[in-house]
Amino acid sequence: MIVNQNKLFLIKIAHTLIWAIFVGIIFYILYCGITGRVTIYTWIGIGIIVGEGLVLLLFKMYCPLTVLARRYSDSERHNFDIFLPEWLARYNKVIFTSLFLLGLALVLYQRFA
């Protein structure tokens, strides 16, 4: 069981770091939309987040790391595979999809209005 706990711990670290990168990109897109500083990096960020969304669709709205972590845990908690508070892990997709869509709308407004 220690081997499984070690693997789950490593997955949680990787998942948390990757999550933080995606959240950073989402906030960057929101910042660009608010300030009007839309650059090639804004569009790259949008592409990355859209790509992440496609991966989630492919995995039936689960992160591939969650699917991998499921091999090492039968926990029903929303944060069993990531170092986030339970409430944030539970509402993660709703919160950050909303922020991304707001940022995207602002970017599109800044660029095309």
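The values are calculated or read from the model by the stated rules, or taken from the named source; none is laboratory data. A quick note: this is a predicted structure, and the numbers were derived from the prediction, not measured. Quick reminder, even Gly has a Cβ in these numbers, built from the backbone with ideal geometry, and neighbours come from all protein chains shown. Keep in mind that these areas ignore ligands, DNA and RNA; they rest on the heavy atoms of the full protein, side chains included. Shrake-Rupley method; radii C 1.70, N 1.55, O 1.52, S 1.80 Å.
Here are some notes:
- Heavy-atom accessible surface of the chain, averaged per residue, reaches 67 Å², computed with a 1.4 Å probe.
- Measuring spread by the Cα atoms of segment 72-113 yields a radius of gyration and Dmax of 15.5, 50 Å.
- Segment 1-110 - Rg and Dmax from Cα coordinates, angstrom: 15.6, 53
- For the chain, leaving out every one of the chymotrypsin sites (Phe, Trp or Tyr not before Pro) that falls in a DSSP loop and has at most 16 other Cβ atoms within 10 Å, the longest unbroken run is 1-58.
- Loop-located GluC sites (Glu not before Pro) in segment 18-113 whose Cβ has at most 11 other Cβ within 10 Å (DSSP): E76
- Rolling a 1.4 Å probe over the protein heavy atoms of the chain, with every protein chain left in place, gives an accessible area that is 70 percent carbon and sulfur.
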